[in-house]
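The block underneath contains the structure these notes are about, expressed in structure tokens.
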Amino acid sequence: MRRDGRDRTVSILSFSGHETFVFRYGWLKKAVDAVRENPSIFTSEDAMVVLGVGKNMVRSIRHWGLAAGVLDEEPRTRGARLKPAELGEFLFGERGQDPYLEEPNSLWLLHWKLASSERRSTAWCWAFNLFGSNEFTRDSLTALIQDELRRRNLKPPSDHSLRRDVDCLVRCYTAPKGLRGAVLEDTLDCPLVELHLLYEDASGVFAFRRGFQTTLGDEAFVYALVDFWNRVAPGRESLAFSQIAYACGSPGNAFKLDENSLIERLERLQQVTQGRLEYTETAGLKQVYRHGDVPVLDFLARYYEHSDPRVEIGD
């Protein structure tokens, strides 16, 4: 979706591509492996055979690979050719750290990509970042998206398209209720359900689970913080606590961390990053300072070397 405004900016948003399928265990590794062998696999006639799924699922796997940040489009190919992204190689490459998504932080990293990317997963980003309330319904989320599009002078997609997108979002984070007669493929959980970030009550009201997020490792948090920092203020040596906690696409919003939990994590930054990041509170001013480059993948790799994938996700 594009709009050339008075300032000649272009807005690119996405409310489709998943074909109503949540991503499954194995899909993202399958996407990375296939693209490594053939960058044009998703436009190839044998894509269904290679990936072992139907036509709609081929499109869905492509979408999720890009939205979850494990695939990138090759420049100047208009999306016809893809390549494994840095995170895709890290998790699912030939020497991938977690090819079977056994480590909780792998799911947090994938969630981070979805909840912080307005371009690839607009509804996910807006749901985690724009709601003032901790609770919502499918209708209120649909209305929020429509209102935000109108605020930007963008024409919303059809109600049907938006509701399909919202339904896919909530199914990514909440277990299906196993309705009688449901197709087996439609009752399979998305791996992100294991994060327990979202709950649905009997009346159809959803609530975010806000707090410390005990299975979110400090290294994964640092990855998200630096990713956010590089996006919103790449040339700055400091970042305000308020931005980290409340800005759109921030770690505080995406991970649903309350203020106390966020401060606890920030206070450990100096130790976790070997002095490259430092949190200070001076005269009531809360900021994080960056001292040189922060090799986030190196920190993550060291964490994965000593992690136990058998630890259960959630409280």
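Some notes on this structure:
- Taking amide H positions as modeled 1.01 Å from N, with prolines and chain starts lacking one, the residues under 5 Å from D72 and 5 or more places away or on another chain are K83, A85.
- Gyration tensor (alpha-carbon) shape descriptor, the stretch 1-135, a/c threshold 1.5: oblate
- Calculated [θ] (222 nm, deg cm²/dmol) that DSSP helices of n ≥ 4 give over the chain, each run adding -39,500 (n - 2.57): -12500 deg cm²/dmol
- Integer Hz, Karplus 6.51/-1.76/1.60 couplings in order for the stretch 273-284, x for Gly and Pro: 9, 6, x, 6, 10, 9, 9, 9, 10, 10, 6, x
- Apolar share of the accessible surface for the chain: 46 percent from carbon plus sulfur atoms, 1.4 Å probe.
- Sparsely packed trypsin sites (Lys or Arg not before Pro) within the stretch 6-89, loop by DSSP, other Cβ within 10 Å at most 16: R6, R8, R76, R78
- Within the stretch 224-315, GluC sites (Glu not before Pro) in DSSP loop having at most 16 other beta-carbon neighbours inside 10 Å: E237, E312
- Checking the cross-link pairs K30/K155; K29/K155; K256/K286; K113/K286; K29/K286 against a 29 Å limit on the alpha carbon distance flags K30/K155; K29/K155; K29/K286 as lying beyond it.
- In order along the stretch 244-250, phi translates into HN-Hα couplings of 5, 8, 10, 5, 4, x, 8 Hz, rounded to whole numbers, per the Karplus curve 6.51 cos²θ - 1.76 cosθ + 1.60 with θ = phi - 60° and x for Gly and Pro.
- Table column - 3J(HN,Hα) (Hz), the stretch 161-175, Karplus curve with 6.51, -1.76, 1.60, x for Gly and Pro: 5, 5, 5, 5, 5, 5, 5, 5, 4, 5, 6, 5, 10, 10, 5
- Cα gyration tensor category, rounded, prolate or oblate, for the stretch 133-262 with a/c compared to 1.5: oblate
- Average accessible surface area per residue within the chain, 1.4 Å rolling probe, Å²: 49
- Qualifying GluC sites (Glu not before Pro) for the stretch 59-114 [loop in DSSP, other Cβ within 10 Å: at most 10]: E94
- Cα-based shape type of the chain, given that a ≥ b ≥ c are square roots of the gyration tensor eigenvalues and the cut on a/c is 1.5: rounded
The values are calculated or read from the model by the stated rules, or taken from the named source; none is laboratory data. Predicted, not measured: the structure shown is a model, and the values here were computed from it. Reconstructed Cβ throughout: ideal geometry from the backbone, glycine too, with neighbour counts over all protein chains shown. The area values use the complete protein model at the heavy-atom level, side chains included, leaving out ligands, DNA and RNA. Shrake-Rupley method; radii C 1.70, N 1.55, O 1.52, S 1.80 Å.
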